[in-house]
Amino acid sequence: MEVPISPMDDKGSPYSTASSGSTTTFVEEWTPSHSKTSSASKPAARPKLKTVRIAIVGTGLSSLTTAYLLSTCEAEKYGVHLVVDLFERGSSIGMDGQSLTVEVGETKRPQRIDTPWRTFNPGYYPNLTGLYRYLGINFYRNRLSFGWFHLDELPQMFPPMETHESLSTVRTSYWSPFATPRSISRTLKHWVVQFSGDVNSGPSLTLASLWNVYKWCGSIFRLLAIWFGYVLFLCVCSYHGRRGHYRPGATHPIQKKTVRQYVESAWYLPSSFVRLVLLPMLMTLCTCSSEQLLEHPIAPLLEYKWKTHRGTHMLVSDGVRQVVRRLIEKVDNVYCNAGITALEYVPVSDGVDNSLRVRLVLEDGRSIIYDHVILGVSPKSALNLMIAAETTAELLPHQVNSLKLALQRSNASRAIDAFSKAAHNRVVVMTHKDTTIFPECKRLPRVVVGSTDSQRTMVTHISAPGIYQTTMLLEENLPTLDSILSISRYVRFVLTMPWMRARSEFCTETGCCGPVQGPNIWYVGCWCHNGLPLMEGCVNSASACFLQLTKVLSIPAFIPWEPSHDFMPSAEEPFH
């Protein structure tokens, strides 16, 4: 049964973006300003305009960017009135749904902590940087420094802060290949004390002391090998980049290699660098296990390192909530607590031809019909929705336009086949104040990567003074950290060789929409665009979908911002 729903009904409908007590302060504060269905906020559409209803499922960066482009393209000038609605399964907008505000410093200054960490580098994120500059978003330089420490095992429970010394039994070594000479000297001094025994005792020529000196010298050589391997790795990344081997359509063999094949053929890279630095670094970038990393395509990883090496990483001032505010301010409706359970094709007669629409079925059984639906969800969620859509397409009557129906069936079937090749990981992000997970050193780097012999990794970065975020794969038994502020769980897409081939269904090599996009159901997200599944892919896929959809609607359109490689920040760093 078709039941219309109101974005702001008197009873606090669960589809309201300001439902009673269930949403965050951010959504409650900003929803009324962008709910444009009330008589006070938007006049009724002119009768001569053709109304096109568009539903966007999900409220991540790709969905919000698509919604912004559609709601600001001035389609009325070309006789089309676009109604853009956003649907979010959670109680708050997804891009900022897990972030939190903490008090830092002696003055208890409030600071926004994004969850997960949303740093970006204009070298690899030119379109995201251009979007931020176009929206007037302030961001600051995040001076990153990296350190690695090795654990005999990744303990299932970390000790409380009072028993910091107990971790010495599992922490075996620590180094930072990007450290300053002073920090390297402190590290060497720490190794001397560690391998020679009592720091107050005089030199001894015992066999044990000679063995300690041998181990100390071995550590020095290992550090030099890591430096040497890192420089060689940068040269390889730069070589392929300057030769154009990362470009779409490139036929160089590096495009077909996995990480396993690359490591096995890279005889020039020291094994200590590969085992202790390179693989853990790539695992934290992809948030995946060692087995998944070895089957990961190597070319996107090399391209990322090449484009970000000499650049500066940035963070948005005051968190990404200001990005959300700007992106949704002209969207017609945002429905929170509105999970979509199925998509159904519906034949609709417009008096000239029998065409197809898409019905969204919500969790409580109610539904609403749209001309176009854009799925900004994970491939796993999109797969379930498309299976339902394919089923309804098989049951449609023969009166429906046979050509349109055949195209819909074909696109749905091809999309389902592509989604079956997608791989995902469950990831947990813990914001806490526990320092026992760090190695013993006077000054910590901004990003600390811990790894084990079994190649399990966890990455912790300093979000604010005394505030840390640890990201790792979600397991049955989570580590217990002291002073936990929040625990968030996510689904992270993992790039594989089978998906690299299947992705051509959604995105061409030139970045345009693939063959399964449209004519009624569209897809956006970091997973359906070229490159690593990061925020840049979200913006690129949203731009491609917007251009193709407006072309179908005969609306001349363009992307209002230009790609930006400018590394000049627009705000000062909040802490040092």
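Could you tell me what a quarter of the Cα convex hull surface of the stretch 45-106 works out to, in nm² with one decimal place? Here the figure is 6.3 nm², rounded to one decimal. A probe of 1.4 angstrom, applied to the heavy atoms of all protein chains, finds residue 81 with accessible area near 20 square angstrom.
In the complete set of protein chains, residue-level accessible area for residue 435 is approximately 50 Å², probe 1.4 angstrom. Computed on the Cα atoms alone, the convex hull of the stretch 312-375 gives a volume of 163 cubic angstrom per residue. Note on residue 51 and residue 487: the model spin-label points, each 7 Å out from Cα along the C-beta direction, lie 4.7 nm apart. Once all protein chains are placed together, residue 306 keeps about 90 Å² accessible to a 1.4 angstrom probe. Across the alpha-carbon set of the stretch 215-291, the Rg to Rh ratio works out to 1.02, Rh being the Kirkwood radius.
Using 32 Å as the Cα-Cα cut-off, could you pick out the over-long pairs in 257/433; 48/380; 330/421; 48/551; 256/307; 256/380? Don't jump to the answer; show the numbers that get you there.
On the way: 257/433 41 Å; 48/380 41 Å; 330/421 36 Å; 48/551 20 Å; 256/307 20 Å; 256/380 25 Å.
Violating the 32 Å limit, Cα to Cα: 257/433; 48/380; 330/421.
Taking label positions 7 Å along the Cα-Cβ direction at both residue 562 and residue 309, the computed distance is 2.8 nm, reported to one decimal.
The values are calculated or read from the model by the stated rules, or taken from the named source; none is laboratory data. As the structure is a computational prediction, the values presented were derived from the model and not from experiment. Glycine also receives a Cβ, built like all others from the backbone with ideal geometry; neighbour counts cover every protein chain displayed. In case anyone asks, the SASA skips ligands and DNA or RNA and just uses the protein heavy atoms, side chains included. Shrake-Rupley method; radii C 1.70, N 1.55, O 1.52, S 1.80 Å.
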